[in-house]
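Read through the structure below, which is laid out as structure tokens, and then see the notes.
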Amino acid sequence: MPSLPKIDMPIFTMVLPASKETVKYRPFTVKEEKILLIARETKDLDQIILSIKQVINNCLLDKDIDDLSMVDLEFALLTIRGQSVDTNIKFGITDPDTQEPVQLEINLNDITLFEDPTHSNRVKVNDQYTLIMRYPSIDEAWTILKMGKEKTSAAVAEFSVLLKCLDKLVSEDEVFKFDDFSEKEVTDFVESLDNKSIKRIEAFFTSMPKLKHTIKYKNSAGADKTFVLQGIQTFFT
């Protein structure tokens, strides 16, 4: 008895918003869509993150998931989801005033990438040295969210991610890669910086590109309300 044929999946391309790279991808299979649906039903954010990483890693054909920044991964998830299922998504929220369920709908094509024109990955330390920053990965961004959920100091979480997002320290004649140094050496370096440099580093994080969309609705009391979709927790509906 002959085996059933394997059905070839179509291949598409997308441009990642943070890295500006063009990557190839395929749509979800039924099995992969089921993985995401099961993860969503658990409402366990750890499981949701693991499932997203597993599925997106499968669907990206020439890019490793560990090389993606958080914003690129969110964009990839939405793009592949739209190509695989539908660009229109219906989901429910609880209105904060009435505490009643509200059904909303979004078209994934309406989600906008917000880019601050002042944003740069180059942070000036002094007249001699400049820090080159990199965007946090999903694991690094999740560190902040998880530590906050566990009531760990937000400052501790943010400082931990800050250290991991230091890429290079450069001058006209020298290049220091932070991966070549121990965590203690990097920590000592950051703690030696003045407040102005730290503020510039913080500005890098606060002005990073973000996927965001605002939905307007009217609650049962007749009040005009808005719901902001931003971040992987709200986009994963």
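What number comes out for the charge environment of F28, summing +1 per Lys or Arg and -1 per Asp or Glu over other residues with Cβ under 10 Å away?
Net local charge, F28 excluded: +2.
Give me, ordered by chain and number, the residues 5 or more places off S69 or on other chains with an amide H under 5 Å from its own placed amide H.
none
Multiply the residue separation of S3 and Q128 by 0.36 nm, subtract the distance between their alpha-carbon atoms, and state the gained length in nm to one decimal.
Stretched fully, the S3-Q128 segment lengthens by 38.4 nm.
For the range 13-110, run through the GluC sites (Glu not before Pro) and keep only the ones in DSSP coil with at most 14 other Cβ atoms within 10 Å of their Cβ.
Here the sparse-neighbourhood loop sites are E21.
Compute, for the chain, the length of the dipole vector about the Cα centre, with Cβ point charges of +1 (Lys, Arg) and -1 (Asp, Glu) only. Units Debye, rounded to 20. Before the final figure, lay out the partial values.
Working: 30 positive and 39 negative charges, 160 e Å.
My answer is approximately 760 debye.
So which of K124/K177; K6/K53; K6/K31; K53/K90; K164/K199 end up more than 20 Å apart by C-alpha?
Values: K124/K177 16 Å; K6/K53 25 Å; K6/K31 14 Å; K53/K90 23 Å; K164/K199 17 Å.
Beyond 20 Å between Cα atoms: K6/K53; K53/K90.
Along the range 203-217, what does the Karplus equation 6.51 cos²θ - 1.76 cosθ + 1.60 (θ = phi - 60°) give for ³J(HN,Hα), rounded to whole Hz, x for Gly and Pro?
5, 4, 6, 6, 9, 4, x, 9, 8, 8, 8, 10, 10, 9, 8
If we count trypsin sites (Lys or Arg not before Pro) as exposed when they sit in a DSSP loop and have at most 11 other beta carbons within 10 Å, what is the longest stretch of the chain that avoids them all?
With a cap of 11 other Cβ atoms within 10 Å, the longest stretch comes to 44-150.
Suppose a student asked you for the relative contact order of the chain, using Cα pairs under 8 Å spaced at least 6 residues apart; what percent would you report?
Reported as a whole number, the value is 18 percent.
Give, in nm to one decimal, the length gained when the segment between I215 and V85 is fully stretched (0.36 nm per residue of separation minus the Cα-Cα distance).
Full-extension gain reported as 44.7 nm.
Calculate how steeply helix 154-164 sits against the longest principal axis of the alpha-carbon atoms of the chain, using the helix alpha-carbon long axis, and give the answer as 0 to 90 degrees to the nearest 10.
80
What ³J(HN,Hα) values, in whole Hz, does the Karplus curve 6.51 cos²θ - 1.76 cosθ + 1.60 give for the range 48-53 when θ = phi - 60°, with x put for Gly and Pro?
3J(HN,Hα) across the range 48-53, in whole Hz: 4, 4, 4, 5, 4, 4.
Under 5 Å between amide H atoms, partner at least 5 residues away or on a different chain: which partners does N219 have, H built in plane at 1.01 Å?
When sequence neighbours closer than 5 places are left aside, the close amide H contacts are K225.
Want the number for E33 to K196: 0.36 nm per residue separation, take away the alpha-carbon distance, what's left?
54.0 nm
Among I52, I38, what's the order by accessible area (1.4 angstrom probe), most exposed first?
Values: I52 0, I38 95 Å².
If we order I52, I38 from most to least accessible, we get I38, I52.
Once amide H atoms are placed 1.01 Å from N in the peptide plane, what residues at a sequence separation of 5 or more from V125, or on another chain, have their amide H within under 5 Å of its amide H?
T130, L131
Say each of L61 and T42 gets a label point 7 Å from the Cα, pointing the same way as Cα to Cβ; how far apart are those two points in nm?
3.0
Could you tell me which residue out of I11, N195, P96 lies farthest along the dipole of the chain toward its positive end? Charges go on the beta carbon: Lys and Arg +1, Asp and Glu -1, centred on the Cα centre.
P96
Against the longest alpha carbon principal axis of the chain, how many degrees, from 0 to 90 and to the nearest 10, is the axis of helix 138-149 turned?
90
Only helical DSSP H runs with n ≥ 4 go in: add -39500 (n - 2.57) per run for the chain, normalise by residue count and round the 222 nm mean residue ellipticity to 500 deg cm²/dmol. Walk me through the numbers on the way to the answer.
Working: 8 runs with 91 residues, N = 237.
Computed mean residue ellipticity for the chain: -11500 deg cm²/dmol.
Could you give the accessible area per residue of the chain, probe 1.4 Å, as a whole number in Å²? Kindly include the intermediate steps, with their values, before the conclusion.
Working: 14450 Å² over 237 residues.
On a per-residue basis, 61 Å².
Out of [x] 12.9; [y] 18.0; [z] 13.9, which label holds the value of mean projected area of the Cα convex hull in nm² that was computed here?
Only one listed value fits the structure, namely [y].
Quote the FRET efficiency, to the nearest 0.05, computed for T206 versus I11 with a Förster distance R0 of 45 Å and r equal to the Cβ-Cβ distance. Can you show the working numbers first?
Numbers: r = 37 Å, r/R0 = 0.81.
Once rounded, the FRET efficiency stands at 0.80.
Whole-Hz Karplus ³J(HN,Hα) for the range 223-229, in order, using 6.51 cos²θ - 1.76 cosθ + 1.60 and θ = phi - 60°, x for Gly and Pro?
With the stated coefficients, the range 223-229 comes to 7, 6, 10, 10, 10, 9, 8 Hz.
Of the heavy-atom accessible surface of the range 160-237 (probe 1.4 angstrom), what whole percent is carbon and sulfur?
50
The values are calculated or read from the model by the stated rules, or taken from the named source; none is laboratory data. Computed from a predicted model, the values in this text were never measured in an experiment. Here the Cβ is made from the backbone with ideal geometry for all residues, glycine too, and neighbour counts use every protein chain on show. Ligands, DNA and RNA are stripped out before the accessible areas are found, and what is left, the full protein with its side chains, is counted by its heavy atoms. Shrake-Rupley method; radii C 1.70, N 1.55, O 1.52, S 1.80 Å.
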